[in-house]
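I have placed the structure first, in the form of structure tokens, so that the comments after it can refer back to it.
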Amino acid sequence: MQHLWLIPALPFAGFLVNGIFGRRMPKAAVTATATGSVLLSLFWTVKVLLGLGTLEHVYLERYFTWLQSGIVNVSFDFAVDRLSAVMLLIVTGIGSLIHIYAIGYMGHEHGPNHGGYYRFFAYMNLFMFFMLVLVLAANYLVLFVGWEGVGLCSYLLIGFYFLKKSAGDAGKKAFVVNRIGDFGFSLGMFLILIHFGSLDFGSVFGKAATMSPEASAGIITAICLLLLVGATGKSAQVPLYVWLPDAMEGPTPVSALIHAATMVTAGVYMVARSSALFELAPVAKETVAIVGLVTAVLAATIGLTQWDIKKVFAYSTVSQLGYMFLGLGVGAYSAGVFHIMTHAFFKALLFLGAGSVIHALEGEQDLRMMGGLRSKIPLTCFLLFCASIAIAGVPPFSGFHSKDAILLAAHHHAPWMFWVAVVTAGMTAFYVFRAFFLAFLGNYRGQGHPHESPPVMTAPLGVLALLSLVGGYFDVPHYLEPMFHGGHAPHETSLVVISVAAGLTGIGLAFLFYVAKPGLPDAVSRLFGPVYRLVYYKYFVDEAYDAVIVHPARDGSTAVLWRGVDAGFIDGIVNGVGSVARSVGGGLRQIQSGYIRRYAAWVLLGSIVIVAAASFLGGAR
């Protein structure tokens, strides 16, 4: 027995120790507990995978029966196959580097008993626990536990600076938007349970494979579309992507953890895990591809105009997740998962590198207040360049390999998807190098004296830079090939040349606009004024949601539920009963006067009434 439960249990133990005792522990002990528990989880993951060898079959560990009612029997089980093995290494490996980086970045969190410091690391450990439960789950219900858990932790970490209103609002926004997606996911699970009588992956996929197309088409399409609703929430796809850019209100290590290694990849992982169902539902599968492509284009255009360095990379995450969904939707599941891995490398490096810039500038995030940082923080400059060139898809770096695998599959599926995705790749290279050039070239436009980050922050960046440069040579698609069938497009040199040319063109245009001719962006923005404003204000999607959903719900709740139902009806009943009781009691209180003669008069009056009533009744008989 490999004791898979230890992989998530170790970070959970770190959460318990820091959460319960962290206030009374020295900072060094908090740090050792938080980072040590995640490193031990990484160590145990490697030990387990080495012990399981090539993983030709799923390795399953059953712990206890969770739910049993009639024919329904759901166990709390963990399992490892090739897909979960890749995800385990990504989550524990990148998560460990982010925890180490956070030691330096969060070092300023003092306060009474360094409350922010221990609370931050407790939440981070809890986040790791739930994500590992999600990845190890052997059935949809256990996966849903991890799914909901990372949603809770995102709320806690995005709103970490809870005294700041914008942070609290961002945390609530992430929580509410994800609940919308989770409702769809839960409905999909109920349909699976009703139709297949089980939630275990092996049982569900096995039964689905034996069904005739006529019997399975409608119900499996409905299941897959509902699962897709859940995935659009967690992985920030249209129309539920709006929470992720606001997640930048959390500390930078949170942005890296959410955007690179954990929460946002959960939706992609769930769709890949459910590939056996999606292969039986062509309509749902095509919908995945279209949703991904629309998201990739929409987010990339918004990224072109943002000035907050973290917002640029946030919209980049949304766009790259769209690429992953495109890969899954055209059947290139292994390419989509491969892009999860390479994206984890360069996106964690981008966010943590941005955090190093922000740390050097003492909190400044506006690209217009940067410039000339190449000579002031040269190490951070080099490391961010590694990330930028990787995400731009320049060969032979990591992003080139995974992105082109998706593009080739898209061309094989539908050539128009390839061309749209290629243009998006060019935009990606443009906005990433736009941020790089604005931050590191030209003259320094800010205030203060920038300083390089400490080694505890730059060392994890160095590891991520190495992975961003060479990670494309990890042959993940070939490793995952036994799990997924189809979607492997033939290699076409001309298509590869086109995609690389798009990336290089984007880099060249960014250099032209922001280095060679820095006045050009203003001229272009004036030329395309209405279009520029539309993109700059993010297509007014948030404003539309506020106008159509948020304000009517809030105003309706105030007018109908609060004033009408609560204050008018419920309080009216309660207060009315109280008023009647008070009036009746006030009247009866007059009887209790304390005067004996008055009591005698009441007794005499009562006697007369009783005698009169008795006489009347007797006469009537």
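Take every Cα pair under 8 Å whose residues are at least 6 apart in sequence, average their separation, divide by the length of the chain, and the relative contact order is 11 percent. Only one residue of 456, 552, 505 has its Cα farthest out toward the positive end of the dipole of the chain, where Lys and Arg carry +1 and Asp and Glu -1 on Cβ, and that residue is 552.
Under the convention that each Lys and Arg Cβ holds +1 and each Asp and Glu Cβ holds -1, the size of the dipole of the chain around its Cα centre is about 1960 debye. Run the simple label-point estimate for residue 362 and residue 183 please: 7 Å along Cα→C-beta, distance reported in nm. Reported label-point gap for residue 362 and residue 183 is 4.7 nm. Measuring r between the beta carbons of residue 385 and residue 505 and using R0 = 22 Å, the FRET efficiency lands at 0.75. Exposed loop positions in the chain were taken to be chymotrypsin sites (Phe, Trp or Tyr not before Pro) whose DSSP state is not H, G, I, E or B and which have at most 13 other beta-carbon atoms within 10 angstrom. Between these positions, the longest stretch is 163-527.
For the pair residue 423 and residue 47, label points projected 7 Å from Cα toward Cβ lie 5.3 nm apart. Looking at region 56-189, the pairs of alpha carbons with a distance over 21 Å make up 54% of the total. Applying 0.36 nm per residue to the separation of residue 600 and residue 583 and subtracting their alpha-carbon distance, the gain on full extension is 3.6 nm.
Measuring between alpha carbons in the structure, the pairs from 173/311; 27/376; 310/347; 310/517 lying more than 18 angstrom apart are 27/376; 310/517. Binning all Cα-Cα separations of region 397-449 at 5 Å, short to long from zero, yields these whole-percent fractions: 4, 16, 19, 17, 12, 8, 8, 7, 5, 3, 1. The Cα-based radius of gyration of region 21-72, divided by its Kirkwood radius, gives an Rg/Rh of 1.24. Model label sites at residue 194 and residue 214, defined 7 Å from Cα along the beta-carbon direction, differ in position by 2.3 nm.
The stretch between residue 72 and residue 57 holds 2.9 nm of extra length on full extension. This uses 0.36 nm per residue minus the Cα-Cα distance. Across region 231-361, the volume of the C-alpha convex hull divided among the residues equals 82 Å³ per residue. Rg/Rh for region 49-135 stands at 1.15; both radii use Cα atoms, and Rh follows the Kirkwood definition. In this Cβ point-charge picture (+1 for Lys and Arg, -1 for Asp and Glu), region 242-352 has a dipole of about 140 debye about its Cα centre. With R₀ fixed at 45 Å, the C-beta to C-beta distance from residue 449 to residue 543 puts the FRET efficiency at about 0.70. When +1 charges are put on Lys and Arg Cβ atoms and -1 charges on Asp and Glu Cβ atoms, the dipole computed for region 478-621 relative to its Cα centre reaches about 1320 debye.
FRET efficiency for the pair residue 169 and residue 21, taken as 1/(1 + (r/R0)^6) with r the Cβ-Cβ distance and R0 = 25 Å, rounds to 0.20.
Of all stretches in the chain that contain no GluC sites (Glu not before Pro) in a DSSP loop with at most 14 other Cβ atoms within 10 Å, the longest one is 57-361.
Give me the net charge of residue 277's neighbourhood, meaning all other residues with Cβ under 12 Å from the Cβ of residue 277; Lys, Arg count +1, Asp, Glu -1. Here the count lands on +2.
Candidate values (i) 260; (ii) 168; (iii) 157 were compared with volume of the Cα convex hull per residue in Å³ computed on the shown model; the agreeing label is (i).
Using 0.36 nm per residue and subtracting the Cα-Cα separation, the extra length available between residue 536 and residue 491 on full extension is 12.4 nm.
Throughout, read-outs are computed from the coordinates displayed, never taken from laboratory work. Quick caveat: nothing in here was measured; it's all calculated off a predicted structure. FYI the Cβ positions are ideal-geometry reconstructions off the backbone, even for glycines, and counts take in every protein chain you see.
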